[in-house]
Structures are given as C-alpha cells and as structure tokens.
Amino acid sequence: MENRIRLFVNVDHVATIREARKTIEPDPLTAALLAEKSGADGITVHLREDRRHIQDDDVFRIRNKISTVLNLEMAAVEEMVEIALKTNPYQVSLVPEKRQEITTEGGLNVISQQEHLIKIREKIQSKGILYSLFVDPDLKQIDASHKVGAQSIEINTGRYSECEDSMAVQHELDKIRIAARHASELGLRVFAGHGLTEENVGAIAEIREIEELNIGHSLVSRSVYHGLEKATRDMIQAIQEGCSRRTGY
Ligand code: PXP
C-alpha cells in the first residue's frame, strides 16, 4: 500500500461563484489547471441534476483539457449515465441527490437499490470507467457495495467533520477506521471525503487503507482569503491607472 494519499480537488464551488452571476468567471477549468499545477492528482466535479454549479459543458472541457484525471460525481439516474458514457471520465462516483439539499447529505443507500446499481455498473465498466460508490461508514452498505461490484467506496466524512466535541470526533473516527479496514479486506479500494479541512484532514490521512481524498469547499474558501489580497492590490492599481489619465482639472 502506498504511503501517500492522492488528492482530488473538487471545483464545484468555483462554478457556484460563476453561476451567482451567470457569467464566464471564475472558470472551473482554470481552477482545475491551477490545482493540477500545485500537485492535485485529479479533479472532481459533481454534475447535479439541477445544474446549480457545474454545467454539462464544464464536464466536457475539464475532461478534455486536464492532464491528470477526472472523477465525475453524479446521481444514479439514466440522464447522468448517458453523460458519463459520452464524457468517458477516469472514474464515476455515485452519490445520492436531493433537490432541496445544500450539499450531499449522506451516503448512498446501496442495500435498497442493488439491481439498479448493478445495471449502471455494467454500463460504466463496459467503457473501462472506474465505478465508485459514496457511502456512510456503515458495514452493511459496504458489504452491499462489494456485492454490486463497485471497485471502490468513498467513505462519507461529513458527520466526522461536523463533530464538535472530542468524544464525538473519536467515535466517528473509529467508525471510519473500522469501515475502511472492512472495505479493504473485501478488496475494495478506499477513498474518503466531505467536509474535510486542513484542521481535520490529518486524522483521516492516518487511516492506512485510505488512498484518495476528495476535497472542495474548504479549498475554495481558503482561496478567497489567499487570493483577495492580491486581487485588491491589482484592482487599486487599475483604478489608479485610470485616475492618472484624468484630464481637464
Ligand atoms: N465527496 C462527495 C461525494 C461529495 O459530494 C462532495 C461534495 O461535493 C465532496 C466529496 C467534497 O466535499 P467538500 O466540498 O465538503 O470538500
């Protein structure tokens, strides 16, 4: 097992900012290329059914222009399967999706839709695309993921990331550790993500079975802080340059 975790950068919220104005910037493709330049091992996008951030064209552009690989998160519905087959990403990750949710709220219920997930798996794998399922750290859901033929699971770290007291953090970490071990023993590759930050990622990275992390919101949030200083300086300079051309006073 490699003693290193691959980081997939999720650029959904770059598109969220763009969609707030329905304009062309910031472009999630530009963000993806910057993330790659800084060492990202792959790029993740979630094409939601309501298209609230990433658009179909973003998926195609990012797939074609990045030099790493694309992980396409999507709901287990026919429309998305068609798009995945046309786009041919490196990996498809199935996630549950509710229209009213602010973000993905929990893992997939694999147990209740095994036949459906097997049919999707057959289509996805027929193109050589890796098939991953986003699940809670729940052993029964992991067993079902194995049964439907997933190659990997992504363990939902959402609840862990929301814990405030240390007892609750330890409890969630134990669940994630046990789930990761169990999945690995079944031969599944183990990934994790949701709600991870620089502060809480270390304990997750200690879990030896975890190979890959998907991180988005915290990276985009920090980029605002890191980037706003320079953006403000550049804007002041542009304003001053305009002022220096004033005439007639
Ligand atoms: N993994 C999955 C399955 C997700 O749906 C998301 C959010 O789009 C993430 C990881 C990344 O979560 P965050 O944006 O909180 O880092």
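The values are calculated or read from the model by the stated rules, or taken from the named source; none is laboratory data. It should be emphasised that the depicted structure is a prediction, and the values quoted were computed from it without experimental measurement. Reconstructed Cβ throughout: ideal geometry from the backbone, glycine too, with neighbour counts over all protein chains shown. For the accessible areas, the whole protein counts, side chains as well, though only heavy atoms, and no ligand, DNA or RNA atoms are used. Shrake-Rupley method; radii C 1.70, N 1.55, O 1.52, S 1.80 Å.
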Cα gyration tensor of the chain - equivalent ellipsoid semi-axes, whole Å, descending | 36, 22, 16
Excluding residues fewer than 8 positions from residue 147 in its own chain, the aspartates and glutamates with Cα under 15 Å of it are 115, 122, 138, 185
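How big is D, in µm² s⁻¹, for segment 127-249 by Stokes-Einstein at 10 °C and 1.306 mPa s if Rh is the Kirkwood radius over C-alpha pairs?
93
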With all pairs of different alpha carbon atoms counted, what Kirkwood hydrodynamic radius in Å does segment 183-246 show?
-> 15.2
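Under a 1.4 angstrom probe, counting protein chains only, how are 58, 50 ranked by accessible area, largest first? Can you show the working numbers first?
Numbers: 58 5, 50 55 Å².
Greatest to least solvent exposure: 50, 58.
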Report, in cubic angstrom per residue, the convex hull volume of the C-alpha atoms of segment 33-163.
-> 119
Amide H contacts under 5 Å for residue 46, restricted to residues at least 5 apart in sequence or on another chain and with H modeled in the peptide plane, are 12, 73
For residue 169, what charge total do you get from the other residues with a beta carbon under 15 Å from its beta carbon, if Lys and Arg give +1 and Asp and Glu give -1?
-> -4
Over 22 Å (Cα to Cα) - which of 86/119; 98/175; 98/123; 22/127; 37/65 fall in this group | 98/175; 98/123; 22/127
List the equivalent ellipsoid semi-axes of segment 1-102 in whole Å, largest first, each obtained as the square root of 5λ for an eigenvalue λ of the Cα gyration tensor.
-> 21, 18, 13
Normalised convex hull volume, segment 49-94, alpha-carbon set, Å³ per residue | 67
Which length gain, in nm to one decimal place, applies between residue 162 and residue 109 when the Cα-Cα distance is subtracted from 0.36 nm times their residue separation?
-> 17.0 nm
